[in-house]
Protein chains: 2
Amino acid sequence: MDRTRLRRKPQRGSHDAAVIAAICDDALVCHVAFTSPEGPVVIPTTFVRAGEQLYIHGSAASRMLETLAEGGPACVAITLLDALVLAKTAFHHSANYRSVVAFGRGRRVDDQAEKLAALAALVDKLEPGRSAACRAPNAKELLATLVIAFPLTEASAKIRTGGPLPDDPDDVDLPYWAGTIPIVTTRGERVPAAL
Amino acid sequence: MDRTRLRRKPQRGSHDAAVIAAICDDALVCHVAFTSPEGPVVIPTTFVRAGEQLYIHGSAASRMLETLAEGGPACVAITLLDALVLAKTAFHHSANYRSVVAFGRGRRVDDQAEKLAALAALVDKLEPGRSAACRAPNAKELLATLVIAFPLTEASAKIRTGGPLPDDPDDVDLPYWAGTIPIVTTRGERVPAAL
């Protein structure tokens, strides 16, 4: 589709579903953009991928989720920053990243089995197996929670890897360090809740 | 202003400029939402804060930057994920985060001194002092680069810290672990560029 055509640096792009899925699965946060009467709005939220869709959730009072539930047009970005790229020239400084941008309309998940499965997947994303190691939502909690499915069918990925671009011949001998600084995201030591 | 009123969980919110500034300065990536003829679009990009504005930059061919340069309404989100919060119930699982959402319109930076200062600040954000340790942009590079200032005057911060919410009395004795898993972002060992 036209709006997933990669306008900038298409050589970094991909429409491969496996590439898109891997980026989604590595990320814990997505950014959801929608249109409000006052203009565009973008809100961060946790999410999980299941097949060719994303699930997001939250309070039934959330304006972002409400807008998606109503089927308004939206855009979701998922971004992983992998490294800072330092070149001999300011101009060639860059970043290595993996990102997905998906366009579409949300769908409110009303089917109880799908809703429970989505909520379990959201919890399992925080820690594998976690949905079996906590109490599942009860009827009241389910009612207070809105789950939205968002399609990945109109999505593209963009990836930059490697070092800085080759310098222009005039810059090759500049006495500056060039290379990459990895950005590493890890899980720290678990902190038990206060009793 | 009305659109920075915190609709959800206002007790987590702040309009304090110092709080907003600190979150901006800790983050390397922001997400910029704008409206296109096909609907809302959100794009990740690097940025830097200077006083009460953000600077973003990129190719003069970028549609996102072009839209901002034209002064169209936009929204910028900056998000830091600090921890995953595991509770005894699926419902109370959460995340600790610090985020800023800013509404406004971009301004193309045409003044050459401001443009050079913004580009230096963008490079210095990757590594302190870096703008003095690489070649500054030349006239051709400056021409190919669009720099946009975006105001933080209509912005709000939202912060969640701490452990899971207290469980309902019925859930207190459930035999599940509860607590937080810190998400730690660090800079790895520098990798020199291939010669």
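As a summary of the residue check, residue B:60 satisfies the conditions (1) buried (at least 19 other Cβ atoms within 10 Å of the Cβ); (2) among the hydrophobic types (A, V, I, L, M, F, W, C); (3) touching a strand residue (DSSP E or B) at 6+ places or on another chain (Cβ under 6 Å) except for the one numbered (1).
Within the range A:159-195, can you find the residues that are of a type in the set (Asp, Glu) and at the interface with chain B (Cβ under 10 Å from one of its Cβ atoms)? Passing the criteria: A:167, A:168, A:170, A:171, A:189.
Residues of the range B:176-186 that are closer than 16 Å to residue A:127 by Cβ and out of contact with any Asp or Glu (no Cβ under 8 Å at 6 or more places or on another chain): B:176, B:177, B:179, B:180, B:184.
Restricting to the range A:139-168, count the residues that are in a helix (DSSP H, G or I) and loosely packed, with under 15 Cβ neighbours inside 10 Å.
Residues of the range A:139-168 in a helix (DSSP H, G or I): A:139-144.
Checking which are loosely packed, with under 15 Cβ neighbours inside 10 Å leaves us with A:139-140, A:143-144.
Selection size over the range A:139-168: 4.
Every residue, every condition in (1) within 17 Å of the chain's Cα centre (by Cα); (2) among the small types (Gly, Ala, Ser); (3) over 26 Å from residue B:11 (Cβ atoms), yes or no:
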site: B:149; (1), (2), (3): yes, yes, yes
site: B:161; (1), (2), (3): no, no, no
site: B:164; (1), (2), (3): no, no, no
site: B:177; (1), (2), (3): no, no, yes
site: B:188; (1), (2), (3): no, yes, yes
site: B:192; (1), (2), (3): no, no, yes
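Residues that are more than 9 Å from the chain's Cα centre (by Cα) and surrounded by fewer than 20 Cβ atoms within 10 Å (Cβ to Cβ) within the range B:20-34 comprise B:21, B:22, listed in sequence order.
Every listed requirement among (1) out of contact with any Phe, Trp or Tyr (no Cβ under 9 Å at 6 or more places or on another chain); (2) surrounded by fewer than 21 Cβ atoms within 10 Å (Cβ to Cβ); (3) touching a residue at least 60 places away in the same chain (Cβ under 8 Å) is met by residue B:127 save one, (3). Within the range A:35-45, being surrounded by fewer than 18 Cβ atoms within 10 Å (Cβ to Cβ) and either in contact with a helix residue (DSSP H, G or I) (Cβ under 8 Å, 6 or more places away or on another chain) or farther than 15 Å from residue B:75 by Cβ (or both) holds for A:36, A:38.
Out of everything in the range A:1-19 that is among the small types (Gly, Ala, Ser) and loosely packed, with under 15 Cβ neighbours inside 10 Å, what residue ends up being nearest to residue A:185 (Cα to Cα)? Don't jump to the end; show me each part of the working.
Here is the first cut: in the range A:1-19, the ones among the small types (Gly, Ala, Ser) are A:13-14, A:17-18.
Checking which are loosely packed, with under 15 Cβ neighbours inside 10 Å leaves us with A:17-18.
Details: A:17: 24, A:18: 22 Å.
For the range A:1-19, the residue satisfying everything is A:18.
Picking from residues in the range B:63-88 that are surrounded by 22 or more Cβ atoms within 10 Å (Cβ to Cβ) and under 14 Å from the mean Cα position of the chain (by Cα), the one that is nearest to residue A:41 (Cα to Cα) is B:75. Residue pairs whose Cβ atoms lie under 7 Å apart, separated by 6 or more positions or on different chains, with the first residue in the range B:169-195 and in a strand (DSSP E or B) and the second surrounded by fewer than 10 Cβ atoms within 10 Å (Cβ to Cβ), are B:184/A:186.
Return yes when residue B:156 is more than 7 Å from chain A (Cβ to nearest Cβ), hydroxyl-bearing (Ser, Thr, Tyr), touching a Leu at 6+ places or on another chain (Cβ under 7 Å) and touching a residue at least 24 places away in the same chain (Cβ under 8 Å) and no when it is not. It would help to see each step written out before you state the result.
On the way: more than 7 Å from chain A (Cβ to nearest Cβ): yes; hydroxyl-bearing (Ser, Thr, Tyr): yes; touching a Leu at 6+ places or on another chain (Cβ under 7 Å): yes; touching a residue at least 24 places away in the same chain (Cβ under 8 Å): yes.
Taking the combined requirement at face value, the residue satisfies it.
Does residue B:132 satisfy the condition of being over 22 Å from the mean Cα position of the chain (by Cα), surrounded by fewer than 17 Cβ atoms within 10 Å (Cβ to Cβ) and either among the acidic types (Asp, Glu) or not in a loop (DSSP other than H, G, I, E, B) (or both)? Here the answer is yes, as residue B:132 does meet what is asked. Take the conditions (1) more than 7 Å from chain B (Cβ to nearest Cβ); (2) modelled with pLDDT under 95; residue A:125 misses just one of them, which is (2). For the range A:68-113, what are the residues that are touching a residue at least 24 places away in the same chain (Cβ under 8 Å), facing another protein chain (nearest Cβ under 10 Å) and in a helix (DSSP H, G or I)? Within the range A:68-113, A:92 is the sole residue that qualifies. Considering the conditions (1) of a type in the set (A, V, I, L, M, F, W, C); (2) buried (at least 22 other Cβ atoms within 10 Å of the Cβ); (3) in a strand (DSSP E or B); (4) facing chain A (nearest Cβ under 7 Å), residue B:119 is excluded by exactly one of them, (3).
The values are calculated or read from the model by the stated rules, or taken from the named source; none is laboratory data. Everything numeric in this text was worked out from a predicted model, so none of it was measured. When we count neighbours, we look across all protein chains shown, and the Cβ atoms used for this are built from the backbone with ideal geometry, even at glycine.
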